[in-house]
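What follows draws every value from the coordinates through simple rules; no lab data is involved. These figures come from a predicted structure and were not determined experimentally. Don't worry about glycine lacking a Cβ; one is built from the backbone with ideal geometry, like all the others, and counts go over all protein chains shown.
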Amino acid sequence: MAKPSLTTVLLVRHGATTTTGSILPGRAAGLHLSERGRAQADRAAESVAGLDRAPVALYVSPLERTRETAAPFARALNLKARVSRGLLECDFGDWTGRSLASLRRRSEWRTVQHAPSAFRFPNGESFAEMQRRIWVTIEDLAARHRGETILCVSHADPIKAAVTYAQGVPLDLFQRTVISPGSISALAFGGGAPMVLCVNRTANLGEIS
């Protein structure tokens, strides 16, 4: 029996910005990569360019920081970045732009960390909605490129939600997974249940945070 041809989806978190780790930027426009973030994107693109089975398509969240992260991949692979709104960051609603230090003092923060399936951001999206959105998007993009490799440049929480869903991890435990700036995670489809090939791969262990 012939071995099924797997579809590989590489999930890239955008590189660091000047607010990474201090502000919850969400979908606010105008946030760009820092110098460190650009270097992370360059290193990640170099590692992907060396793959035996090169990606045939590049999809990206519409925000500036993801489009800037996608740029070196597009150059290295001679691909055009195509926007997919399903790869967007979670809609943090009223929490958009707030400092993480202030949010950690809120009573709801414990729910965000330990029972996210029960939480909806005020005037925004729930974690469950975000997970369904990103997973449906990834499945759709994978179906368009059966047996091939594709790249999706997105954000920490959506990637985290997709990886843990593929592993069968309950949403309430998804905060235990870390997705660092400029990291690559990989999923494979086509052999039955989805497989997780790697999580939070960075070119430099110093980037793990």
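One table, with the values for the structure above:
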read-out: Amide H contacts under 5 Å for Gly124, placed H, 5+ residues apart; value: Asp94
read-out: Charged-residue dipole, Cβ positions (Lys, Arg, Asp, Glu), the range 107-209 about Cα centre, Debye nearest 20; value: 100 debye
read-out: Phi to ³J(HN,Hα) by Karplus 6.51 cos²θ - 1.76 cosθ + 1.60 over the range 35-44, Hz, x for Gly, Pro; value: 4, 4, x, 5, 5, 4, 5, 4, 5, 5
read-out: For the range 7-207, with +1 on Lys and Arg beta carbons and -1 on Asp and Glu, the positive-most of Ser61, Gly97, Ala193 along the dipole; value: Gly97
read-out: Cα-centred dipole magnitude for the chain, charges only on beta-carbon of K, R (+1) and D, E (-1), debye, nearest 20; value: 40 debye
read-out: Linear extension gain, Asn123 paired with Val169, 0.36 nm per residue minus alpha-carbon span; value: 13.9 nm
read-out: Dipole moment magnitude, nearest 20 debye, the range 1-108 about Cα centre, only Lys, Arg, Asp, Glu C-beta charged; value: 80 debye
read-out: 3J(HN,Hα) from dihedral phi, the range 50-66, Karplus parametrisation 6.51/-1.76/1.60, rounded to Hz, x for glycine, proline; value: x, 5, 5, 10, 5, x, 9, 8, 10, 10, 8, 4, x, 6, 4, 5, 7
read-out: Distance in nm between pseudo-label sites at Arg110 and Arg146 (7 Å out along the Cβ direction from Cα); value: 5.0 nm
read-out: Sparsely packed trypsin sites (Lys or Arg not before Pro) within the range 20-92, loop by DSSP, other Cβ within 10 Å at most 13; value: Arg53, Lys80
read-out: Over 28 Å [Cα-Cα, the range 7-207], rounded percent; value: 21 percent
read-out: Spatial separation of Cα centroids for the range 44-62 and the range 103-182, in angstrom; value: 21 Å
read-out: For the chain, calculated [θ]222 nm from helices alone, where every DSSP H run of n ≥ 4 adds -39500 (n - 2.57); value: -10500 deg cm²/dmol
read-out: In nm, spacing of pseudo-spin labels at Arg53 and Lys80 (7 Å Cα→C-beta vector); value: 2.5 nm
